[in-house]
Amino acid sequence: MWIGGARAVILDADKKVLMVKQQQEGRSIWLVPGGGIEAGENAMQAAIREVKEETGLDVDIKALLWHVEEVSEKRGQRFVNFFLAELKGGTLELGTDPERAEGEQVLSEVRFMSREEISELEVIYPEYLRDELWHFLSSRTEGYDAFKLRKNQIK
């Protein structure tokens, strides 16, 4: 059975990427905000909800960047959609995971980071954030237009 997730790449005015630090599997991992898709929502709705829960920010989904699939004995079958999102409001703050008790929270930090700061991180997910994201953002080729999403697709 496949388990679905959604994450959002959010840039500020200085082209820094919003990153969250989580404790997972005994180590600190930096990644863009996101999480699991809940019953009754699609991946875009999940990304918007997760960004709000983890960072306090409101976003609009603009484009699909990557669809990543993983099949492993340890983690099972999973997929994660990574979206490009645009800030539309809210106040940046470290959020919580509503599915976890107060003493079991995994989020420890949230902040915007430059390409250079991201390249120096020891553990980052996905590794695409080190290089491919920046190539995508600078190229804005016809491939980008092919993945553009319309607001009316979010239901």
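Each value in this text was obtained by applying a stated rule to the coordinates, not by laboratory testing. In this text the structure is predicted, and so the values were computed from the model without any measurement. All Cβ positions, glycine included, derive from the backbone under ideal geometry; neighbour counts span all protein chains shown.
Numbers below:
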read-out	value
Full-stretch length increase - Ala13, Thr91 - with 0.36 nm per residue and alpha-carbon distance subtracted	26.6 nm
Calculated FRET value between Asn42 and Glu116, using beta carbons and R₀ = 25 Å, to 0.05	0.15
5 angstrom amide H check on Gly5, placed H, neighbours 5+ away	Ile37, Phe79, Val80, Asn81
Using θ = phi - 60° and Karplus 6.51 cos²θ - 1.76 cosθ + 1.60, couplings along the stretch 43-57 (whole Hz; Gly, Pro as x)	5, 5, 5, 5, 4, 4, 5, 5, 4, 4, 5, 8, 10, x, 9
Two-site label geometry, Ser139 and Ser72: point separation in nm, points 7 Å out along Cα→Cβ	2.7 nm
Derived scalar couplings ³J(HN,Hα) [the stretch 26-31; Karplus, 6.51 cos²θ - 1.76 cosθ + 1.60; whole Hz; x for Gly, Pro]	x, 8, 8, 10, 9, 7
Value at 222 nm in deg cm²/dmol, rounded to 500, when DSSP H runs of n ≥ 4 in the chain each add -39,500 (n - 2.57)	-5500 deg cm²/dmol
Kirkwood Rh, angstrom, the chain [1 / mean 1/r, Cα pairs]	16.0 Å
